[in-house]
Amino acid sequence: MAPIFILIILIGLFALEIFYFKIADHFNIIDKPNHRSSHTTVTIRGGGIIFTLAALIFFFTFGFQYTYFILGLFLISLISFLDDIFTLNNKLRLSIHLLSVLLMFYQWNLFSLSWYWIPIALIFVIGTINAYNFMDGINGITGGYSLLAIATLYYINEQVTSFTSSDLLITVGLSLLVFNFFNFRKKAKCFAGDVGSVSIAFIIVFLIGQLVIQTQNFNYILLLLFYGLDAVTTIVFRVIRKENIFEAHRSHFYQFLSNEKKWPHLLVVSIYILIQLIINVLLILFVGKDSLTALFLIVTSGIIFLIVRFMMEGKDRLIKSVTNE
C-alpha cells in the first residue's frame, strides 16, 4: 500500500471516529462507572466500531476480498453494537455470534476438512472472543494488545510466510492507531465497548486461523498467550471459589493491579504488551513448528504467572470463597 494511500485512510478513520463521537454523544451512548468499573468518569462507549469500519473500507477498496468473513464481522459487530445500547436477548445475540463464526469457517474452507476440526475451531474462536471481551477493562489494554498482535502478524506475513492480505493488516492496524489515540491515555475519550472487543477479536482470530491453516502450525495461537493465561487462570480461580463465572467481576490480574494495587492503567497495559512481545519474539525466532518447545513455553509462562499471582494477590484472595469467610 502506497504511503499516500495509508495517510488518506488514516485521516479518513480519524474523521469517522470523531463523527461517531458526535453521534454517541447525541444519543447518549456512554459508559457510566459502577462498583465493578476501573474508571471513574462518564465516557463514550463503542469507539471500537472503528475496527469494523476499517475492515469495510478494506473490503470496498481492495477488490471485495474475504466476503464471508466480512459479512460475519459485520453481523457480529452489529449485534454487539445493538447489545451495547439496548441489552438484547441472549438467544438472539448468541445465534448471530454462531452464524458469524460459521461464516468465518466457510471463509477458511474449514468444512472441507475432517468433522472434528469444527468443534476444535469453535472452542478456539468462541473462547478467544469471550476472553477478549473479559479482558477489555482498563484504558489501552484492548487497543494496545491488539496492535501488537496485528503488527506481529504483519511481520510474519511479510518476512516469514505470506498467509493473508497485507492491505487488510495495514488497514486494521491504522484503525487501532486511531482508537489508541483516544483510548490509550490516562483519561480515555472513548471505550471499545462490546462492538470493539468482539470485532477486533473476530478479526484477529480470523487472521491467526488463516496463518495456522496456511502453515499447519498451531503454535501461532501463542500470539495470544498472555491474554489466555490471565483469562483461563481467572476462570479456574472463580470456579474454585464457587463463583458464577458468567457474572460480571473484576478478578483478572490486570484488574487487581489497576484497582487494588492502584497501578496506572497504562503501566499495566505496557507490562502486558511487553510480556506478549517477548513471547512473540521467542515464538518466531526459536519455537517455530516445534511442539515440545511451544509446550515448554506455555508451561513455563503459566508457572511463572501463577507464582506472581499468588505472591501479589495472596492465597486467600485467589482460592477462598467469600461465602466461607
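The values are calculated or read from the model by the stated rules, or taken from the named source; none is laboratory data. Computed from a predicted structure; not experimentally measured. Virtual Cβ from ideal backbone geometry, glycine too; neighbours counted across all protein chains shown. Keep in mind that these areas ignore ligands, DNA and RNA; they rest on the heavy atoms of the full protein, side chains included. Shrake-Rupley method; radii C 1.70, N 1.55, O 1.52, S 1.80 Å.
When the residues of segment 173-192 are filtered to those that are touching a Lys or Arg at 6+ places or on another chain (Cβ under 9 Å) and part of a helix (DSSP H, G or I), which remaining residue is surrounded by the fewest Cβ atoms within 10 Å (Cβ to Cβ)? Walk me through it before giving the result.
Start the filter on segment 173-192 by keeping residues that are touching a Lys or Arg at 6+ places or on another chain (Cβ under 9 Å), which leaves 181-183, 190-192.
If we keep only those that are part of a helix (DSSP H, G or I) as well, we get 181-183.
Working: F181: 14, F182: 21, N183: 24.
Here the residue is F181.
Residue-by-condition table, conditions (1) out of contact with any helix residue (DSSP H, G or I) (no Cβ under 6 Å at 6 or more places or on another chain); (2) over 18 Å from L318 (Cβ atoms):
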{"residue": "V198", "(1), (2)": "no, yes"}
{"residue": "G209", "(1), (2)": "no, yes"}
{"residue": "E243", "(1), (2)": "yes, no"}
{"residue": "F256", "(1), (2)": "no, no"}
{"residue": "L267", "(1), (2)": "yes, yes"}
{"residue": "I275", "(1), (2)": "no, yes"}
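Spot the failing condition for V236; the list is (1) surrounded by fewer than 18 Cβ atoms within 10 Å (Cβ to Cβ); (2) farther than 25 Å from N90 by Cα, and only one is missed. So V236 meets the others, but not (2). Scanning segment 220-253 for residues that are closer than 24 Å to I208 by Cα and aromatic (F, W, Y) gives Y220, F226, Y227.
Here's the yes/no breakdown for (1) aromatic (F, W, Y); (2) in contact with a Cys (Cβ under 9 Å, 6 or more places away or on another chain); (3) in a loop (DSSP other than H, G, I, E, B); (4) open to solvent by less than 60 Å² (accessible area, probe 1.4 Å):
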{"residue": "I245", "(1), (2), (3), (4)": "no, no, yes, yes"}
{"residue": "F256", "(1), (2), (3), (4)": "yes, no, no, yes"}
{"residue": "I271", "(1), (2), (3), (4)": "no, no, no, yes"}
{"residue": "N280", "(1), (2), (3), (4)": "no, no, no, yes"}
{"residue": "L283", "(1), (2), (3), (4)": "no, no, no, yes"}
{"residue": "L292", "(1), (2), (3), (4)": "no, no, no, no"}
{"residue": "T300", "(1), (2), (3), (4)": "no, no, no, yes"}
{"residue": "I304", "(1), (2), (3), (4)": "no, no, no, no"}
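In summary, W263 fulfils each of the numbered conditions (1) under 18 Å from the mean Cα position of the chain (by Cα); (2) modelled with pLDDT of 95 or more; (3) not polar (S, T, N, Q); (4) not in a helix (DSSP H, G or I) with the single exception of condition (1). A search for C-beta distances below 9 Å between a residue of segment 65-91 that is under 14 Å from V101 (Cα atoms) and in contact (Cβ under 8 Å) with a residue 12 or more places away in the chain and any residue that is open to solvent by 70 Å² or more (accessible area, probe 1.4 Å) and not in a helix (DSSP H, G or I), counting only pairs 6+ apart in sequence or on different chains, returns I70/F64.
Under the condition of being over 24 Å from V308 (Cβ atoms) and either open to solvent by 20 Å² or more (accessible area, probe 1.4 Å) or touching a strand residue (DSSP E or B) at 6+ places or on another chain (Cβ under 9 Å) (or both), the residues counted in segment 216-233 number 3.
Can you tell which of T87, T52 is open to solvent by less than 50 Å² (accessible area, probe 1.4 Å), under 23 Å from the mean Cα position of the chain (by Cα), within 29 Å of H252 (Cβ to Cβ) and among the polar types (S, T, N, Q)? Quick ask: steps written out before the conclusion?
Details: T87 fails: open to solvent by less than 50 Å² (accessible area, probe 1.4 Å).
None of the others qualify; the one that does is T52.
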